[in-house]
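Presented below is the structure to which this report refers.
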Amino acid sequence: MAAALRPDLLDRLAVQTAERSKAQLLRRLRTVEHADGPWLESGGQRLLSFCSNDYLGLAQHPQLIAAFKRVADDEGIGSTSAHLVCGHRAEHAALEEALAAWTGRERALLFSTGYMANLGVLQALLTRGDVCVQDKLNHACLLDGAQLAGAELKRYPHADAAAAARQLASRSEAAALLATDGVFSMDGDVAPLRELATLCAREQATLMVDDAHGLGVLGEDGSGSVRAAGLGQREVPVLMATLGKALGCAGAFVAGPATLIDGLMQFARPYIYTTAMPPALAAAALAAVQLAQTETWRRQKLAALVDRFRRGAAELGLPLAASISAIQPLLLGSTDAALAAALTLERQGLLVSAIRPPTVPQGRARLRITLSAAHEEDHVDRLLVALETLRLPVIAPASG
């Protein structure tokens with residue numbers, strides 16, 4: 001009897017890609033030839049962007065550029081090694097100290113990306129037999145981290161602290177980590193952090209917050225959603241945030257007690273086996289941290305623009321999600337509606353991303369509108385005028 005043919009992996013991948021294309025869910029690259037604040041040049045067209053995560057408008061700040069150039073001139077570009085070999089430079093150490101102080105933590109540890117940071121933390125903390133309870137709308141890297149660690153992953157309906165309590169209670173004998181986004185990347189709302197902290201204290205679970213979209217934006221000093229909720233290291237011992245959003249750079253960090261950081265240095269494989277970020281980039285990020293704390297007008301301007309947009313959208317009856325952050329999702333429901341709306345806006349010189357499944361649930365496609373301190377009031381007004389021309393459906397709020 002002839003042996004069965006083994007499936008070809010590349011053929012299988014091609015079939016899956018074709019199926020995604022047929023469903024209008026294929027992801028495509030857009031090349032940006034030049035950026036000038038919120039203005040982008042792409043494909044010969046000048047577009048006003050409302051899809052960047054540069055919330056404070058720092059990505060092109062002269063002080064960041066000068067810091068990068070100064071260290072690049074002195075040290076070159078690459079760090080040449082992992083942190084634990086010879087890649088950890090004075091610029092990395094200074095940035096870690098500043099991030100720990102800003103977020104009210106004992107120590108901080110740099111990672112090359114936020115995805116790697118979350119994978120590293122969860123893989124270091126969790127093992128088989130443990131339980132990891134997570135919000136259903138958490139970022140993909142938190143979900144992947146729990147699964148790669150081998151822990152049991154339990155997901156609760158979005159922002160439902162009572163459901164999270166039931167999930168923890170169902171495994172009361174197991175070591176437990178509750179992980180949540182601080183600000184949810186596709187919905188823009190803030191997790192019920194105080195309720196989750198109270199729950200974790202009662203259930204003796206460890207609370208971890210991914211504050212990628214809260215750092216720099218929330219709180220009087222911009223230190224993020226955890227501090228804005230009145231919580232500190234004791235209530236939230238594991239804090240992750242990125243440097244590539246409000247701080248306008250790239251990379252990420254984990255901050256918390258010394259025992260956490262010491263343990264991550266020993267057991268977080270994405271940290272141990274990865275080349276450290278360029279020291280020039282760390283210097284630029286340090287300049288961004290300082291500006292985010294001292295130039296408070298950036299948060300004030302961003303908040304005013306968010307308020308202006310939401311008031312204008314309400315007057316137009318637009319189906320916005322409930323969000324106070326820089327992320328303002330316009331809920332359209334179908335993939336076709338989201339793609340058509342994005343194309344119509346682009347024809348009017350506005351770049352807004354259509355977000356479709358599997359990034360968001362089926363039936364919850366949207367335009368993910370993001371605002372920045374680099375925008376001006378007339379930019380927001382121009383967006384509202386363009387949105388008024390769209391024929392948009394009314395979408396019911398998510399049920400969690």
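FYI, it's all coordinate maths here, none of it is from the lab. Because the structure is a prediction, the values reported are computed rather than measured. Reconstructed Cβ throughout: ideal geometry from the backbone, glycine too, with neighbour counts over all protein chains shown.
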What net charge is computed for the residues neighbouring residue 77, neighbours being all others with C-beta under 14 Å from the C-beta of residue 77, Lys and Arg scored +1, Asp and Glu -1?
-> -1
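I need to check one value: relative contact order of the chain, counting alpha carbon pairs closer than 8 Å and at least 6 residues apart, in percent.
Details: 794 pairs, mean separation 88.5, N = 400.
Worked out over the chain, it gives 22 percent.
Looking at the chain, identify the longest residue range that excludes and avoids all trypsin sites (Lys or Arg not before Pro) in DSSP loops having at most 12 other Cβ atoms within 10 Å.
Longest run free of exposed loop sites: 235-390.
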Set of segment 320-362 residues, backbone N closer than 14 Å to the point 7 Å along the Cα-Cβ line of residue 45 | 339-354
So residue 388 and residue 296, fully extended at 0.36 nm per residue minus their Cα-Cα distance, gain in nm 29.9 nm
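In what order do 327, 272 fall by count of nearby beta-carbon atoms within 10 Å, going from fewest to most? Don't jump to the answer; show the numbers that get you there.
On the way: 327 23, 272 16.
Ascending number of Cβ neighbours within 10 Å: 272, 327.
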Which value in nm describes the separation of the simple spin-label points at residue 140 and residue 128, placed 7 Å from the Cα toward the beta carbon?
-> 2.7 nm
With the dipole of the chain worked out from charges on the C-beta (+1 for Lys and Arg, -1 for Asp and Glu) around the Cα centre, which of 158, 179, 110 lies farthest toward the positive end?
-> 158
Using DSSP, restrict attention to beta bridges with both residues in segment 62-294 and report what percent are antiparallel, rounded to the nearest 5.
-> 40 percent
Rounding to the nearest 20 debye, state how big the charge dipole of segment 62-294 is about its Cα centre with +1 on each Lys and Arg Cβ and -1 on each Asp and Glu Cβ.
-> 260 debye
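Where nothing but the Cβ of Lys and Arg (+1) and of Asp and Glu (-1) is charged, how large is the charge dipole of the chain around its Cα centre, in debye to the nearest 20?
On the way: 38 positive and 41 negative charges, 189 e Å.
About 900 debye.
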Of 266, 199, 238, which is farthest along the charge dipole of the chain in the positive direction, counting Lys and Arg as +1 and Asp and Glu as -1 at C-beta?
-> 199
Among the aspartates and glutamates, select those whose C-alpha is under 14 Å from the C-alpha of residue 154, and discard any that sit fewer than 8 residues away in the same chain.
-> 130, 135, 144
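Order these by the 10 Å Cβ neighbour count, fewest first: 41, 19. Walk me through the numbers on the way to the answer.
Working: 41 14, 19 11.
In order of increasing Cβ crowding within 10 Å: 19, 41.
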Pseudo-spin-label distance residue 173 to residue 202, built 7 Å along Cα→Cβ, given in nm, is 2.3 nm
Simple spin-label model, 7 Å along Cα-to-Cβ: residue 147 to residue 304 in nm?
-> 4.5 nm
Fewest-first ranking of 210, 160, using other Cβ atoms within 10 Å as the exposure measure = 160, 210
So if R0 is 22 Å, what FRET efficiency would residue 377 and residue 63 give, r being the distance between their Cβ atoms, rounded to the nearest 0.05?
-> 0.30
Per DSSP H run of at least 4 residues, take -39500 (n - 2.57); add these up for the chain, divide by its residues and hand me the 222 nm value, nearest 500 deg cm²/dmol.
-> -12500 deg cm²/dmol
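Please work out how much length the chain gains when fully extended from residue 36 to residue 5, using 0.36 nm per residue of separation minus the C-alpha to C-alpha distance, in nm with one decimal. Don't skip to the answer; put the middle values down first.
Details: separation 31, 0.36 × 31 = 11.16 nm, distance 5.40 nm.
Roughly 5.8 nm would be gained on extension.
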